[in-house]
Amino acid sequence: METLRFLLKKLIEDRVALLGALLILLLIFTAIAAPFLATFPEDIAEFHPPNRLIAPDGTFWFGTDRMGSDIYSRILFGARITITIAIIAIGVSVIIGVPIGLIAGYYHTWFSDLLMRTSDIFLAVPQIVLAIAIAQTLGPSIENIILALSATYWPFWTRLVYAETRSIQKETFIEANIALGASPIRVMFMHVLPNISSSIIVRTTIGMGGTILTAATLGFLGLGAPPPSPEWGRMIAESREFLPEAWWYATAPGLAIFLVVMGFNLFGDGLRDILDPRIRRSVRHDD
Amino acid sequence: MRKITSSRQRVSIKRGLIPTFLAAVIISVTALLAPINAVHAKNTFVFANASPYDTMDPQVVFDVGRVAYRLNLYDGLLRWLDNPPKLNPWLAESYDISSDGKQYTFTLRANAKFHDGSPVEAKDVAYSIDRILALKKGASSLFVKVIKPGSTKAIDNRTVQFNLNKSSAIFLATVPEIHVMNSDLMKKHEKDGDWASAWVSKNDAGSGSFKLKRYDPAKGFLAERFADHFMGWGDKYLDAIEFRTVKEINSRVLGLMKGDFHGADGYMPQDQIKRLMKSDEVNVSEEESMRIFYFIIHNGRSPMNDINFRKALSYSFDYKGFIKDILSDSVARNPVPLPNNIWGAPQGVKGYTYDLDKAREHLAKVKEPLREITIGALAGYGQTEQAAVLLQSALSKIGVKSKILAETWPVASGKMRNEQQMYDLLPLWKSTYYADPNNWVGEMYYGPNIGSRNNSWYQDDQVDQWITEAIGSTDQAVRAANYAKASTKVMEDAGGIFVYNTKWFGPYNKSVKGVRFCPIGNAQEMRWVYFE
Amino acid sequence: MRLLVLIINRLLWFFPTILGLMVITFTISHVIPADPVAFVAGDNATNEQIEALRAQLGLDRPMHVQLFHYILNLARGDFGVSLYTLRPISEDLASRLPATMELTIVSVLVSTLIGVPLGVISAIRRNSFLDHVVRVFTVSGLAIASFWFAILLQLFFAMELDWTPLQGRTSGWGPEHVTGFFLVDSLLSWDLSELRAAALHLILPVTTLAFPAMATIVRFTRAGVLNAMNSNYVLYEEAMGFPKRVIIWKYILRNALIGTVTQIGLIFGILIAGAVVVEAVFDWPGLGYYAVQSIIQSDYNAIMGFTFVTGVLFIIVNLLVDIAQIFIDPREA
């Protein structure tokens, strides 16, 4: 409780991080309340060809798309897709990556080396390249995007947890626990993990931003949700055929991606400052 | 925090960069001020093409997107010209057909030469057809069933004789696809029995109106006028043609409006055509083409094997909304699997309309249980996605659930051959490969073609009988009647959802004259074109 | 001696990593559901035609046999032929490499030339207005979707203002081929109009590609300078009365630059990943564009070739950075 209050206080002091938190809250709120906020909620599955490509006005706040649907309403529903992809993909990556990192970090055997080298192989190819290859292989769908992202992102957590575990191992309280005969699993999950959790939380927050960007890129390349899904990357891809006349078509979804990713990045930076004073804000996350 | 900065230090930081920066500025300014050399000779026609020219081998591809090098660098014995398309003598000055319809004897022109100056002879024609049959690619599927490798004989230098297994009414229509290659040159470059494929994928062994000068798979090709071409040249012509790959549609449109490109493909979205029509640089010429848009229905699978379900589908497409609103009336409604403007197309057929009440009526009669159906779409082809989405939205109103799967053309074309993998529905175009009604209804709904060119798993004894008879007959009246009957029957059976026939909107620079449109080459044969 | 052991240890892992990479790319690409052979064979091909081609390409053999042959061929530098054009992949990759290299190198130069001074200045004048502007700028650079940014640039600078070309690498055929780098080749042949065309065509893609890389560099430089400024050494020198200018140049900047250099691996990763999308938007005839095309065509030989070459380049860069790091700061290793 005490720590939570401390966190909140710090957060309110750091205005930039607060802005990030607000952007994230806005995304979550939008995703939940989409049906109430949308001016034309039925436009997700219903189309009005006579209304196509109308510029933003009082009725269609962000204009209409190639099928005559309201872009504003579609953006709101797109938030649901974005947040689902990000949460599941990151969740799976953490579930895979963290235990592997713990094991590799805790034990000092050839097996640790093997685990780390395997994760290095995945890191050897730029994430987007591997994700594209996997997503194309599995066929375009949201499920497959999530799979492709999870399969390519887990090594980041493995690396982080591995490094942190190795450095914390030398601390006396860990050595004391081992000397007292605590089982390795117990030491790993009860002592090591809580002590490195702040790094994991920071990494995960910032990772959300990167994942949303990659997911949108896959959508843009046509590997994501099928039409008529209001996925943001797909909307931008659709708009290209109608530029420059329909300038509004790509504007709203691009701005939405930008704000959401910025929200996670700013919040992650702020969290890092608060939770992990050793590291300076200015050090960049790595993806 | 210690403040360790002063104005002097900032100056010093800049000082280090100044020389580099200055050098960069000088180079850029010189470059920017440099006169723009006319990169192209004045009389070079630059065409912006959407598909990349991956190869220069005329016998391995058979698509409309890359037709330019086949038509301009190579000649066939006959050639399709104009609209409606007419079959003209080309390398051959005349031909004879034996009374049993199996032997075709062509007499070659005396003055035809390849680009290296050697004469075009009968042995080259025989080599070319044998190469097509051996490579089994491109247009070979038109010939494998009727011609045996080695059966084509060079009687003398100027006489070549094709010996067919069985008489085929469409053979003549497919002869233009036999692009004649210089056999002596090809044999010189042959490696490990590859029919010189490696060499000719980047080089030219033709006799066509233009001669390959430069080729880069990432950019396109440049070809110069072949002065010795057998057709001769009038007093107005192009010195060179350049076909450049420009994938992005906006770049093609902008380039046309700026005058960088003199021509581009004629099947752009209507929104872009409207933009071009407003430009002072561009003329858009309009022609009725032969390229129908339809949904393949998988007739072999439940519940689409029930005619009532197929009729419900056909009543559920908003033809008017699609043609009028989404395509701005740039296409014409075409209710049967034959373009309206080809001979044999049935006249006065009404076809289906968008009528959800009738759709519900037919749906009620479906005996098998309904399920969620899969509608395919071709990723990157916006129109197919829009058509699929429109159908999906109407189907949901009559209680048929569906999901859309937008996949790339290679994925889709693979699935189209597999009864299990094929989508329940797939919207796409059928272009003119040869101007004969058989190209459409005869390929798409003929029983023996199931799994290859019949991707609907549609089979009807009567339709098969009409088409078989039409292929075997040389009497055009009989053939026309049979194709009309067959296509009407397929429509009545709701074998597919037939939507429209395309119009061609060819954008050309205003100084360009002499463009000759034909649905087979889409006006990409450049020998008659000139600048005013 | 310890250094040598560390280096050898790194080197020993090089080949297993590459082998692992081959297995991964092979596994991914060989479960592709599409049937590329049907596509290659053409629109109107018969099933016999397709089977014949499949046999010709060796795609009818069992998976493990195909993998074995693939590794064997790779060892001989043979990437196989493109399923689509039937040309050797190595040839395709080689012909497209200079375009990507030119784009990447210019982007590295631009992002470093702008990013390092910005980072230094914003660190020196910490919390000033300028520092805040730079921070907004870097945060944006890392949050913006490059494909969207590219489209905005096209919309504004190419379509609205008509200052730059919309796409492509040059307006004609490019300068006479010497190195494959258009900027260099046009200078060598002193073809100024080609130089101009090449430079103009570079502007938008480089801007798109350099933006996130620059943001990274700014952040690292800024952090490095701040760290160095607070180090005991600098405080000591300052107390000794050394001119501040000398301290900044001699110590702070040098350290900050070393920090940035060790991040080259990371920046290279950002650029290669960015190139895939940027080249696709700008029709830039490089490796990234080739990769996207191959994916669309389900040309899995080509996809494997691209992924493999990128992976190997990336592994080598990281290996060199690792080794450099061992020399610069053995404690870190």
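The values are calculated or read from the model by the stated rules, or taken from the named source; none is laboratory data. Everything numeric in this text was worked out from a predicted model, so none of it was measured. Here the Cβ positions follow ideal geometry from the backbone for every residue, glycine too, while neighbour counts run over all protein chains shown. SASA here: full protein model, heavy atoms, side chains in, ligands and nucleic acids out. Shrake-Rupley method; radii C 1.70, N 1.55, O 1.52, S 1.80 Å.
Might you check whether a residue that is within 26 Å of B:Trp343 (Cα to Cα), in contact (Cβ under 8 Å) with a residue 60 or more places away in the chain and in contact with an Asp or Glu (Cβ under 9 Å, 6 or more places away or on another chain) occurs anywhere in region B:94-104?
Yes, some residue in region B:94-104 is within 26 Å of B:Trp343 (Cα to Cα), in contact (Cβ under 8 Å) with a residue 60 or more places away in the chain and in contact with an Asp or Glu (Cβ under 9 Å, 6 or more places away or on another chain).
Go through B:Phe243, B:Phe261 for me and flag whichever is in contact with a helix residue (DSSP H, G or I) (Cβ under 8 Å, 6 or more places away or on another chain), within 11 Å of another protein chain (Cβ to nearest Cβ) and modelled with pLDDT of 90 or more.
Going through B:Phe243, B:Phe261 in turn, just one is in contact with a helix residue (DSSP H, G or I) (Cβ under 8 Å, 6 or more places away or on another chain), within 11 Å of another protein chain (Cβ to nearest Cβ) and modelled with pLDDT of 90 or more: B:Phe261.
Going by what's in this entry, would B:Asp116 be described as modelled with pLDDT of 95 or more and part of a loop (DSSP other than H, G, I, E, B)?
So B:Asp116 passes the test.
Of everything in region A:240-250 that's under 14 Å from A:Phe220 (Cα atoms) and more than 8 Å from chain C (Cβ to nearest Cβ), which residue is least open to solvent (accessible area, probe 1.4 Å)?
By that ranking, first place goes to A:Tyr249.
Each row is one residue, and each column tells you yes or no for (1) surrounded by 15 or more Cβ atoms within 10 Å (Cβ to Cβ); (2) in contact with a strand residue (DSSP E or B) (Cβ under 9 Å, 6 or more places away or on another chain).
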site	(1), (2)
B:Ala377	yes, yes
B:Tyr381	yes, yes
B:Gln386	yes, yes
B:Ser393	yes, no
B:Lys397	no, no
B:Lys401	no, yes
B:Ile404	yes, yes
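Would it be correct to say that C:Arg135 is basic (Lys, Arg), open to solvent by 50 Å² or more (accessible area, probe 1.4 Å), part of a loop (DSSP other than H, G, I, E, B) and within 9 Å of another protein chain (Cβ to nearest Cβ)?
no
Please go through (1) away from chain B (no Cβ under 11 Å); (2) at pLDDT 75 or above; (3) not in a helix (DSSP H, G or I) for C:Trp284 and return the number of the only condition it doesn't satisfy.
Going through (1) away from chain B (no Cβ under 11 Å); (2) at pLDDT 75 or above; (3) not in a helix (DSSP H, G or I) one by one, C:Trp284 breaks only (1).
Since C:Gly305 meets every condition but one in (1) at pLDDT 75 or above; (2) within 11 Å of chain B (Cβ to nearest Cβ); (3) buried (at least 24 other Cβ atoms within 10 Å of the Cβ), which condition does it not meet?
(2)
Residue by residue through region B:271-311, note down the ones that are assigned to a helix (DSSP H, G or I) and within 14 Å of chain A (Cβ to nearest Cβ).
Listed by number, the residues that qualify are B:Asp271, B:Gln272, B:Ile273, B:Lys274, B:Arg275, B:Leu276, B:Met277, B:Lys278.
Residues A:Ala163, A:Ala133: which one is facing another protein chain (nearest Cβ under 9 Å) and either more than 18 Å from the chain's Cα centre (by Cα) or at pLDDT below 90 (or both)?
A:Ala133
Considering each of B:Asp96, B:Asp130, B:Asp75, B:Asp100 in turn, give the residue that is outside any strand (DSSP E or B) and over 26 Å from the mean Cα position of the chain (by Cα).
B:Asp100
Quick one: in region A:105-126, of everything that is open to solvent by 10 Å² or more (accessible area, probe 1.4 Å) and touching a Phe, Trp or Tyr at 6+ places or on another chain (Cβ under 7 Å), which residue is farthest from the other protein chains (Cβ to nearest Cβ)?
It comes out as A:Met116.
Residue-wise test of (1) over 28 Å from C:Ala280 (Cβ atoms); (2) away from chain B (no Cβ under 11 Å); (3) among the polar types (S, T, N, Q).
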position	(1), (2), (3)
C:Asp185	no, yes, no
C:Leu188	yes, yes, no
C:Thr207	no, yes, yes
C:Asn227	yes, yes, yes
C:Ser231	yes, yes, yes
C:Val234	yes, no, no
C:Gly241	yes, yes, no
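List pairs: first in region B:133-162 and more than 11 Å from B:Lys123 (Cβ to Cβ), second open to solvent by 30 Å² or more (accessible area, probe 1.4 Å) and basic (Lys, Arg), Cβ under 7 Å, 6+ apart or cross-chain?
Close Cβ pairs (under 7 Å, with a partner that is open to solvent by 30 Å² or more (accessible area, probe 1.4 Å) and basic (Lys, Arg)) amount to B:Val146/B:Lys166; B:Gln161/B:Lys153.
If I ask for residues that are part of a helix (DSSP H, G or I) and crowded, with 22+ Cβ neighbours inside 10 Å, which ones from region B:233-270 would you list?
Listed by number, the residues that qualify are B:Asn250, B:Ser251, B:Arg252, B:Val253, B:Leu254, B:Gly255, B:Leu256.
Tell me whether region A:189-207 contains one or more residues that are over 20 Å from A:Leu102 (Cβ atoms), at pLDDT below 90 and open to solvent by 30 Å² or more (accessible area, probe 1.4 Å).
no
Hey, can you tell me all the residues within region C:56-81 that are open to solvent by less than 30 Å² (accessible area, probe 1.4 Å), polar (S, T, N, Q) and out of contact with any His (no Cβ under 8 Å at 6 or more places or on another chain)?
Of everything in region C:56-81, nothing turns out to be open to solvent by less than 30 Å² (accessible area, probe 1.4 Å), polar (S, T, N, Q) and out of contact with any His (no Cβ under 8 Å at 6 or more places or on another chain).
Can you pull out the residues in region C:93-115 that are open to solvent by less than 20 Å² (accessible area, probe 1.4 Å) and among the β-branched types (Val, Ile, Thr)?
Result: C:Thr100, C:Thr104.
In the list A:Gly101, A:Gly139, which residue meets the criterion of being within 8 Å of chain C (Cβ to nearest Cβ) and not acidic (Asp, Glu)?
A:Gly139
The rows are residues; the columns are (1) open to solvent by 30 Å² or more (accessible area, probe 1.4 Å); (2) more than 20 Å from B:Asn250 (Cα to Cα); (3) within 12 Å of chain B (Cβ to nearest Cβ).
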{"position": "C:Thr170", "(1), (2), (3)": "no, no, yes"}
{"position": "C:Trp173", "(1), (2), (3)": "no, yes, yes"}
{"position": "C:Phe182", "(1), (2), (3)": "no, yes, yes"}
{"position": "C:Leu192", "(1), (2), (3)": "yes, yes, yes"}
{"position": "C:His201", "(1), (2), (3)": "no, no, yes"}
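Within region B:131-142, count every residue that is in contact with a helix residue (DSSP H, G or I) (Cβ under 8 Å, 6 or more places away or on another chain) and surrounded by fewer than 22 Cβ atoms within 10 Å (Cβ to Cβ).
Here the count works out to 3.
Within region C:147-166, take every residue that is under 15 Å from C:Ala280 (Cβ atoms) and open to solvent by less than 30 Å² (accessible area, probe 1.4 Å) and give me the one that is modelled with the lowest pLDDT.
The residue in question is C:Leu166.
Please determine, by comparing only the residues of region C:231-269 that are outside any helix (DSSP H, G or I) and at pLDDT 70 or above, which one is surrounded by the most Cβ atoms within 10 Å (Cβ to Cβ).
C:Gln263
Only residues that are touching a residue at least 40 places away in the same chain (Cβ under 8 Å) and under 19 Å from B:Pro52 (Cα atoms): list them for region C:64-85, please.
Of everything in region C:64-85, those that are touching a residue at least 40 places away in the same chain (Cβ under 8 Å) and under 19 Å from B:Pro52 (Cα atoms) turn out to be C:Val81, C:Ser82, C:Leu83, C:Tyr84.
Among the residues that make up region A:64-86, is at least one of them among the basic types (Lys, Arg), open to solvent by 30 Å² or more (accessible area, probe 1.4 Å) and at pLDDT below 90?
No, there is no match, as no residue in region A:64-86 is among the basic types (Lys, Arg), open to solvent by 30 Å² or more (accessible area, probe 1.4 Å) and at pLDDT below 90.
Could we say that B:Ser201 is within 10 Å of another protein chain (Cβ to nearest Cβ), under 30 Å from A:Ala237 (Cβ atoms) and of a type in the set (S, T, N, Q) here?
For B:Ser201, the condition - within 10 Å of another protein chain (Cβ to nearest Cβ), under 30 Å from A:Ala237 (Cβ atoms) and of a type in the set (S, T, N, Q) - is not met.
So if I check each of A:Leu147, A:Leu102, which one is modelled with pLDDT of 85 or more, open to solvent by 40 Å² or more (accessible area, probe 1.4 Å) and closer than 29 Å to C:Phe268 by Cα?
A:Leu147
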